[in-house]
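Down below is the structure, laid out as structure tokens.
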Amino acid sequence: MRQSFYRKVVLSAPPRPGSYAAMLITDRLIGAPAFATAEDPAWRMARSPDGVEDAIHHDGRFYSVTYTGRVEAWQRNDETGEFTSQVVAPALAATADDEKKHLRRRYLAASTDGRLMAVLKHTEVVVEEGRYSYMNKVVTRVHFEVQVLDQANGRWEAADMGGAALFVGVNSTVCVSAREHRGIELWLLFQFLTTCGMLLCLAY
């Protein structure tokens, strides 16, 4: 069922009886998200014309980014039980600034200081030249652009990743303090692709 219908489930908190909310991100062909709560455990589809690419639960609310770069917050109507969204930040870029790069994915996370964070994954196809032309190789390079929301001024700005580690993945994207997790070495950057298609990236 996963991959063909849904891609991810976001929980409001560790599941426990009587107190939870969950957001389900469906496949891009379906586009609309679905929600369930302890009070209303049946999944309810919600309207999202642009489709939801990624989502997190942060500061007591569900946040999502659409395939067109719209960042929205979701609110439940206590009377009807329906979830509706509203735009809460400027749209993220729909394409890469560099024409040689291609924007592949957007992810949402929360920075170590509690601000909303966006991670943009770009790919670039380059030719690595060998000693002779027949030794040239075509390779795909992956680049990450990290931004944080300046809510007071209503704009995205480049994130200062000094002392922070960022894990980017299909199931979850998490930003933690490298100073509080001494097992993580500073100035190390690596990527790991599992058989499940999850990308693990640490950036400092």
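Bear in mind these aren't lab numbers, they're just calculated from the coordinates by the rules spelled out. Bear in mind that the values here come from a model prediction, so they are computed numbers and not experimental data. Here Cβ is always computed from backbone atoms with ideal geometry, including for glycine, and neighbour counts include all displayed protein chains.
In terms of the mean number of neighbouring beta-carbon atoms within 10 Å, the peptides 149-159, 133-143, 169-179 order highest first as 169-179, 149-159, 133-143. On the principal axes of its alpha carbon atoms, region 17-115 extends 50, 35, 21 Å, with the longest extent given first. Mean projected area of the convex hull spanned by the Cα atoms of region 76-145, taken over all viewing directions: 8.1 nm².
Note on Ala32 and Ala152: the extension gain reaches 40.2 nm, defined as 0.36 nm multiplied by sequence separation minus the Cα-Cα distance.
Compared with the alpha-carbon gap, the fully stretched path from Glu129 to Ala42 is longer by 25.7 nm at 0.36 nm per residue.
For Ala91 and Arg104, the difference between the fully extended length at 0.36 nm per residue and the C-alpha to C-alpha distance is 3.1 nm. Only one residue of Val65, Val87, Tyr6 has its Cα farthest out toward the positive end of the dipole of region 1-148, where Lys and Arg carry +1 and Asp and Glu -1 on Cβ, and that residue is Tyr6. The residue among Asn171, Trp156, Val139 whose Cα reaches farthest toward the positive pole of the charge dipole of region 100-171, with charges on the beta-carbon of Lys, Arg, Asp and Glu, is Val139. Projected onto the charge dipole of region 9-149 (+1 at Lys/Arg Cβ, -1 at Asp/Glu Cβ, origin at the Cα centre), which of Val126, Ala32, Trp43 gives the Cα projection farthest towards the positive end? Towards the positive end, the residue furthest out is Val126.
Among the lysines, select those whose C-alpha is under 29 Å from the C-alpha of Lys8, and discard any that sit fewer than 8 residues away in the same chain. Cross-link targets: Lys101, Lys121.
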